[in-house]
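For reference, the structure discussed in these notes is given below.
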Amino acid sequence: MNAAPQANSSLAPANTSVPTGGAQIPGLEQLRDIHLPAPVSWWPPAPGWWLLAIIIVIGTVALALWLTRRSHQRRYRKSALQQLRSLYQSWQQQRDDIAFAQATNRLLKQTALAAFPAADVAALSGADWLDFLDRKLRRPRFTEPDVRALATLYLREPQTIAAEPLHAAAQHWIRSHRC
């Protein structure tokens, strides 16, 4: 039993000797150099890029249409504010409260007709008209007594209407009414 331990032949490396003198290892001549794949082309883009491009185009067109529509919708406000400014300047020169109130009331009615259906606005007058104006504001302005006198404008003897509060209320309504 003095036998030397036997080496496990399955763990021993196969022939590790390197051939010398230019001898070829059998099978190596059939190997070829590493071939790299062709570079990835930037065209055509992957489907995700097409989808992103379509979303960007649709979003840009939608934004442009929305801004154009909003601009057209807001144009009447700018025109009405210019007319109100002109009416107020005329009132400052003439100090005719009734004429200013009538002109301001007409301007408010024209502005409301530009923003709302005529069926909802055209027939309103007096307290109903002022209530309509207040409903379109976050904070009512036409409930104040100085401005509420506008409801009596077309009666035989209208109440006195203070021009400054009316001007402020009309200006606020034109700028901030909700459509």
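Scanning the range 96-125 for residues that are modelled with pLDDT under 95, of a type in the set (D, E, K, R) and assigned to a helix (DSSP H, G or I) yields D97, D120.
Picking from W91, W66, which residue would you name as being part of a helix (DSSP H, G or I), aromatic (F, W, Y) and loosely packed, with under 13 Cβ neighbours inside 10 Å?
Numbers: W91 fails: loosely packed, with under 13 Cβ neighbours inside 10 Å.
Selected residue: W66, the only one of W91, W66 that is part of a helix (DSSP H, G or I), aromatic (F, W, Y) and loosely packed, with under 13 Cβ neighbours inside 10 Å.
Checked against the criterion of being acidic (D, E), in a helix (DSSP H, G or I) and touching a Pro at 6+ places or on another chain (Cβ under 8 Å), the range 159-176 contains not a single residue that satisfies it. Quick check: anything in the range 126-147 among the hydrophobic types (A, V, I, L, M, F, W, C), open to solvent by less than 60 Å² (accessible area, probe 1.4 Å) and part of a loop (DSSP other than H, G, I, E, B)? Looking through the range 126-147, at least one residue is among the hydrophobic types (A, V, I, L, M, F, W, C), open to solvent by less than 60 Å² (accessible area, probe 1.4 Å) and part of a loop (DSSP other than H, G, I, E, B). Just give me the residues in the range 14-61 being open to solvent by less than 100 Å² (accessible area, probe 1.4 Å) and at pLDDT below 85, in sequence order. Within the range 14-61, A14, S17, P19, G21, G22, A23, I25, G27, L28 meet the criteria.
Within the range 134-153, residues that are closer than 16 Å to N105 by Cβ have Cβ atoms under 8 Å from residues that are β-branched (V, I, T) and part of a loop (DSSP other than H, G, I, E, B) in these pairs: D134/T143; D146/I161; V147/I161; A149/T160; A149/I161; L150/I161; L153/I161, counting only partners at least 6 apart in sequence or on another chain. Could you please let me know if L155 is open to solvent by less than 80 Å² (accessible area, probe 1.4 Å), farther than 21 Å from L81 by Cβ, assigned to a loop (DSSP other than H, G, I, E, B) and not aromatic (F, W, Y)? Here the answer is no, as L155 does not meet what is asked. Scan the range 158-179 for residues that are under 35 Å from the mean Cα position of the chain (by Cα), polar (S, T, N, Q) and open to solvent by 50 Å² or more (accessible area, probe 1.4 Å) and jot them down. Residue satisfying the conditions is Q171 alone.
The values are calculated or read from the model by the stated rules, or taken from the named source; none is laboratory data. Small disclaimer: the values here were computed from a predicted structure and weren't measured. Here the Cβ is made from the backbone with ideal geometry for all residues, glycine too, and neighbour counts use every protein chain on show. Just the protein is used for accessible areas: all its heavy atoms, side chains included, with ligands, DNA and RNA removed. Shrake-Rupley method; radii C 1.70, N 1.55, O 1.52, S 1.80 Å.
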